[in-house]
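Heads up, the thing below is written out as C-alpha cells.
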Amino acid sequence: MPVTSEKIMQRLLLAVAFSALSALLLIAVFIISQGLPFIFRYGFREFLFSSQWNPQAGKFGIFPMVVSTLWVTLGAMAIGAPLGVAGAVFLTEFVPRTVMRIIKPSIELLAGIPSVVYGFIGVMVLAPLIRDHLGGPGLSLLAGSIILGIMILPTIISISIDSIMAVPKSYREGSLALGATVWQTVRMVTLPAARSGIAASIILAMGRAVGETMAVIMVTGNSVKIPGSALEPVRTLTANIALEMGYATGMHRQALFATGVVLFVVIMILNFSASYVMRQRKARR
Amino acid sequence: MKLDPKNTQRAAVAVLGSATLLTLTALIFIIVFVLEKGLPVLNWSFLTGAPQDMGRAGGIFPAIAGSVALTVLAVLLAAPLGVGTAVYLTEYTRESRLTAIIRFGADCLAGIPSIIFGLFGFILFVTILKMGWSLLAGGLTLALMILPTIIRTTEEAIKAVPLSYREVSYSLGATRWQTVYKVILPNALPGILTGVMLGVGRSLGETAAVIFTAGSSLRMPASIFDSVRTMAVHFYLLAREGISAENAYGTAAALIIAVLSVNLLAYWMMNRMVAKRT
Amino acid sequence: MPDKIALNKFSVHYGPDPLLQEIDLEIQSNQILGVIGPSGSGKTTFLRALNRMNELQPGFTASGRIMLDGEDIYGLDYDAVSLRKKVGMVFAMPVPLPMSIHENIIYGPKLSAGRGWKYDEAVVESSLKAAFLWDEVRDRLKTSALRLSGGQQQRLCLARTLALEPEVILLDEPCSGLDPVSTAKIEEALTILKERYTVILVTNNTKQAARVADRTAFFLMGKLVEEGTTQQMFTAPKDKRTSDYITGRFG
Ligand SMILES: Nc1ncnc2c1ncn2[C@@H]1O[C@H](COP(=O)(O)OP(=O)(O)O)[C@@H](O)[C@H]1O
Ligand SMILES: [Mg+2]
C-alpha cells in the first residue's frame, strides 16, 4: 500500500517546496514585466534622473523620490543603527542574562506593532513636536527618519544580540583574564568577532526601512520635491506607489510599476548583501 | 577626569545604558500611548457594532470580521505550503545547491516590502485573474507574505525532533511519509504553531498589501469574492482621512491588543517547546 | 537446514573509508548469534546493514550480498520498508517514542494495517509478556512511555519490535546502560525468543555473549576475525586476537 502513496507524497512535497521560490520569481516577473517596458520606452535616465513627476502631463521622473528615499533611509539608519547596536551590546555584556532574556523577547514582540500604528504616533505626537520646536510643517523627512529609526530597532537589536551571543565565551574570557575591562573586551574582541552579524542586521533593517510604506506615507508629508532640509516634506518611492496606485491607469500605472521595479532591485541588492555578509561569517568559522 | 580604562568603562556603560533606555522608552511609549487613548473607547458595543457614517461613529465589527476572515484564509493557504516546504527540505532531501536556492528564495521573499506584494497581488489576482478586490485576492497575497516565516520556524522545529525518533520509526517499518506524519509533525507541532501565530500577527497588522488586494469595503463579506476591510486598513483610513481620531485610537488599541496577544502566544509556545527539550 | 541469513563478501564504506570489509557469514534461525568486538570495530554497522538502516545516513555505500531466506536484500527490487518489518531492531539507548506505552507497541502493526484492516489488539499483551514487561505496566498502558525507568523502557523497545512479528531480531548492546535485574530479564526473554526467531545480539560484554549466545562472532577493525559456537570461541579460539580480546587483553 504505501509504495505508491509514498511516491505521490514525495512528488507533492517536491512541488510544494518550490512554492516560496516560485512566488519570488512570479513577483519578480510580474513587477518587471509591468514596469520594465515603461522604463525602456520612457528612457532610463529620464525616468530615474528627471525631477518632473506630473502624471497628467505625462511626466514621470522619480528622481525626487529616489533622493527622498535615500535621505529618509540614511536618517533612519543614523538613528536606529547606533541605538540598536548600543542596546544589543548593553543587554548582552552589561546586564544579567536573566534580565536580557526578558527584555529581548519583549523587544521582538514590539517588532509586531503594525506600521500604521507607528505612523499614527508619528502624526499625533512626533510631527507636532517637530513643528513646534524645530519649525516646518512637522510632517517631514525628519519625522519619517525618526519613526523608521524606531521601527527598525527590534530587527537590529535582536539579530545583533544573536550574533554577539554566538561569539565563543573563551574569546571573552581570554581577554578578561589579560586584565582588560569589559568595555575594552567588547571593543577589541566581541564586536570585531560579531561584526558580520551586526552588519547583516543593519543591512536587513535598511531593507525594511527602504520598503516601509504606511508609516512613511503618514508622517513624511508626501510632497514631490528634492528636500532642501530635514524639516521639509518628502515623498519616498514606496509612498509614491501607494498614494497613486488606487486611481492610476495606463502609462501612469506602468510608471508606478516601474517605481516598483526600482524598489525591487534595491531590496534584492540589500538581500543579497545581507546573505553574503552572513555567509562570510559562516565561512570564517 | 583621566581617561583610564576604568573611567572609559564607566562612560561606555553610561552611554550604552542610556541608549538602551531610550530604545525601550520609545517602544513602550508607543504601546502605552495608544492603549491610554484607545482603551476608553473600547467597549462591547464598539467591538460588536457596525460602523456608522464611514466610521465616524458606531463600532468596528465588520473590520474585525474582515481581519479574522482574511487571516484565517491566508493561514489556511500558507500553512500547508510552508510546512510542506520545510518537510521536504529537512526530510526528503540532503543539503545541496537546490536546498540552498530554495532557502535563499524564502529569505528573499521575507525581505520583499509589503507594497511590492500589494502591487503584485493587485496586478495578478485582482486584475489578471479577475478576482477583484476580494478576500481571496487578499488572502492569496498575505499567504505569500507569511510563507517564509512558516517555512523557517517549521524547519527549526523539525530539526529539533531527535534523530533517534526517526531511526526508531524507520526501524519499525515506517515509510518516510509515515515517519513524517506520525512522529515528526506531532513532535514539531508547537514550533509549527509558533510560525503560524507569527504569520497571524503579521497578517493582522498588514496594511499596504491588503488595501490593494482586499479593498476596503465596510460591508460584512458574504463570500471569498467580496471585498473586506481589515482592522489595520480601517484604522489607517480613519487616521489618514481624519475621520475620527477617537475611533482611530479605539481601533488601534484593539489592533495592538490582538497582535501582541497573538505574538505573545507564539513566544509562549516557543518557550514551552524549548523548555520541554531541555 | 538452509541459512536464514548469508553474507557474501559484504562490505560497507563511508565515503572512501571501509567500515566493514568482505564479511562472509552464515546465520541459522532459532539461534542467538552473539557479536563481540572492541568499540569501533563495526558491530553496529554490521547490524544496521542487516535491515538497511545504514542507507538512511548519507555517505554509506554497501557492496557484496546479504541473502535473507535466499533473497538479496540489497537487490534492486527489494523493499527496505518490508525488510525492516521482517528484521526488527532494538537500539543501544532505549528510545520510547513520546506517546503512551500502548501506542508505542502498536506503532509498527498500525503502519501496515491499511484502511479497514485492523491490527490485532492481542499483540499488545503478548509482546509485552514476551519482553517480561506486562506485569509492570498492565495497569498503565495509556500513560506516557517516557515515564518508565530505563530498564523498563528498553524492554518496551524489545516488546515494540516483537509486536512487528519479525523473523529476525537485531539488538545493539541492549543492556549497556541497564541494571542487573533488567539485564537478566532481557537475557531470559531472548533465550525464550530464540525458539521462534533468529536473534543477533551485539554486546560489549563478552560474559553476556558467553551466557546467552549459541554462536559468537568476533569483529575487529571492520573485519570478521572468527565465528563459531560460543563454546568453541570461548574455550578454543582459532585466532590469537580472539583469545586476547576474550581474556581482556585489549578492548
Ligand atoms: N555515521 C557515521 N559516520 C561516519 N563514520 C561512522 C559512522 N558511524 C560509525 N562510523 C565509523 O564506523 C566504524 C565502526 O563503527 P560502529 O559500527 O559503530 O562500531 P561498534 O558498534 O563496533 O562500536 C567506526 O570507526 C566509526 O567511527
Ligand atoms: Mg556500536
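Computed from the coordinates by the stated procedures, all read-outs in this text should not be read as laboratory data. Predicted, not measured: the structure shown is a model, and the values here were computed from it. Glycine gets a Cβ as well: all are built from the backbone with ideal geometry, and neighbour counts include every protein chain shown.
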Review point. Can you find even one residue in the range B:12-26 that is touching a helix residue (DSSP H, G or I) at 6+ places or on another chain (Cβ under 6 Å), facing chain A (nearest Cβ under 10 Å) and hydroxyl-bearing (Ser, Thr, Tyr)?
Key: yes
Practice item. Name every residue in the range C:26-40 that is farther than 10 Å from C:Val202 by Cβ and near ligand 1 (Cβ under 9 Å from one of its atoms), in order of residue number. Key: C:Pro38, C:Ser39, C:Gly40
Review point. Is there a residue in the range B:71-89 that is within 11 Å of chain A (Cβ to nearest Cβ) and among the hydroxyl-bearing types (Ser, Thr, Tyr)?
Key: yes
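Residues checked against (1) at the interface with chain B (Cβ under 10 Å from one of its Cβ atoms); (2) in contact with a Phe, Trp or Tyr (Cβ under 7 Å, 6 or more places away or on another chain); (3) over 30 Å from A:Gln184 (Cβ atoms):
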{"site": "A:Phe49", "(1), (2), (3)": "no, yes, yes"}
{"site": "A:Gly58", "(1), (2), (3)": "no, no, yes"}
{"site": "A:Trp71", "(1), (2), (3)": "no, no, yes"}
{"site": "A:Gly75", "(1), (2), (3)": "no, no, yes"}
{"site": "A:Ala78", "(1), (2), (3)": "no, no, no"}
{"site": "A:Lys104", "(1), (2), (3)": "no, no, no"}
{"site": "A:Ile113", "(1), (2), (3)": "yes, no, yes"}
{"site": "A:Val117", "(1), (2), (3)": "yes, no, yes"}
{"site": "A:Leu139", "(1), (2), (3)": "no, no, yes"}
Study note, to complete from the structure: For A:Ala248, the lone unmet condition from (1) within 11 Å of chain B (Cβ to nearest Cβ); (2) buried (at least 20 other Cβ atoms within 10 Å of the Cβ); (3) not in a helix (DSSP H, G or I) is (2)
Check your understanding: Under 6 Å by Cβ, and 6 or more places apart or on different chains, what pairs join a residue from the range B:117-134 that is among the small types (Gly, Ala, Ser) with one that is crowded, with 23+ Cβ neighbours inside 10 Å and in a loop (DSSP other than H, G, I, E, B)?
Key -> B:Gly118/B:Phe212; B:Gly121/B:Thr213
**Study point:** Total residues in the range A:1-57, condition touching a strand residue (DSSP E or B) at 6+ places or on another chain (Cβ under 6 Å) and over 23 Å from A:Val67 (Cβ atoms)
**Key:** 0
Point to revise | the range B:238-275: number of residues that are among the polar types (S, T, N, Q), part of a helix (DSSP H, G or I) and buried (at least 19 other Cβ atoms within 10 Å of the Cβ) | key: 3
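Mind checking which residues of the range A:148-186 are assigned to a helix (DSSP H, G or I) and loosely packed, with under 14 Cβ neighbours inside 10 Å?
Here is the first cut: in the range A:148-186, the ones assigned to a helix (DSSP H, G or I) are A:148-151, A:153-165, A:169-177, A:182-186.
Selection gives A:Lys169, A:Ser170, A:Glu173, A:Gly174, A:Ala177.
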Practice item. Would you check which residues across the range C:43-89 are under 18 Å from C:Asn8 (Cβ atoms), of a type in the set (Gly, Ala, Ser) and in contact with a strand residue (DSSP E or B) (Cβ under 7 Å, 6 or more places away or on another chain) and list them? Key: C:Ala49, C:Ala62, C:Ser63, C:Gly64
Practice item. Taking C:Ala159 as the residue in question, decide whether it is surrounded by fewer than 18 Cβ atoms within 10 Å (Cβ to Cβ) and over 23 Å from C:Gly42 (Cα atoms). Key: no
Exercise for review: Could you run through the range C:10-48 and say how many residues are polar (S, T, N, Q), surrounded by 15 or more Cβ atoms within 10 Å (Cβ to Cβ) and within 16 Å of ligand 2 (Cβ to nearest atom)?
Suggested key: 3
Study note, to complete from the structure: How many residues of the range B:229-278 are under 18 Å from the mean Cα position of the chain (by Cα), of a type in the set (Val, Ile, Thr) and either more than 10 Å from chain A (Cβ to nearest Cβ) or within 29 Å of B:Gly191 (Cβ to Cβ) (or both)? The answer is 5
Check your understanding: Being in contact with a helix residue (DSSP H, G or I) (Cβ under 9 Å, 6 or more places away or on another chain) and either away from chain B (no Cβ under 14 Å) or within 16 Å of ligand 2 (Cβ to nearest atom) (or both), is that true of even one residue in the range C:81-89?
Key -> yes
Review point. Looking at A:Val224, A:Val189, A:Val216, which is the one that is more than 9 Å from every other protein chain (Cβ to nearest Cβ), out of contact with any Phe, Trp or Tyr (no Cβ under 6 Å at 6 or more places or on another chain) and either more than 21 Å from A:Gly112 (Cα to Cα) or not in a loop (DSSP other than H, G, I, E, B) (or both)?
Key: A:Val216
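Return yes or no: is C:Val123 within 25 Å of B:Gln178 (Cβ to Cβ), more than 14 Å from the chain's Cα centre (by Cα), surrounded by fewer than 21 Cβ atoms within 10 Å (Cβ to Cβ) and within 14 Å of another protein chain (Cβ to nearest Cβ)?
Yes, satisfied.
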Check your understanding: Out of the range C:53-76, which residues are farther than 17 Å from C:Asp24 by Cα and either surrounded by 15 or more Cβ atoms within 10 Å (Cβ to Cβ) or away from ligand 2 (no atom under 16 Å from the Cβ) (or both)?
Key -> C:Met53, C:Asn54, C:Glu55, C:Leu56, C:Pro58, C:Gly59, C:Phe60, C:Thr61, C:Gly75, C:Leu76
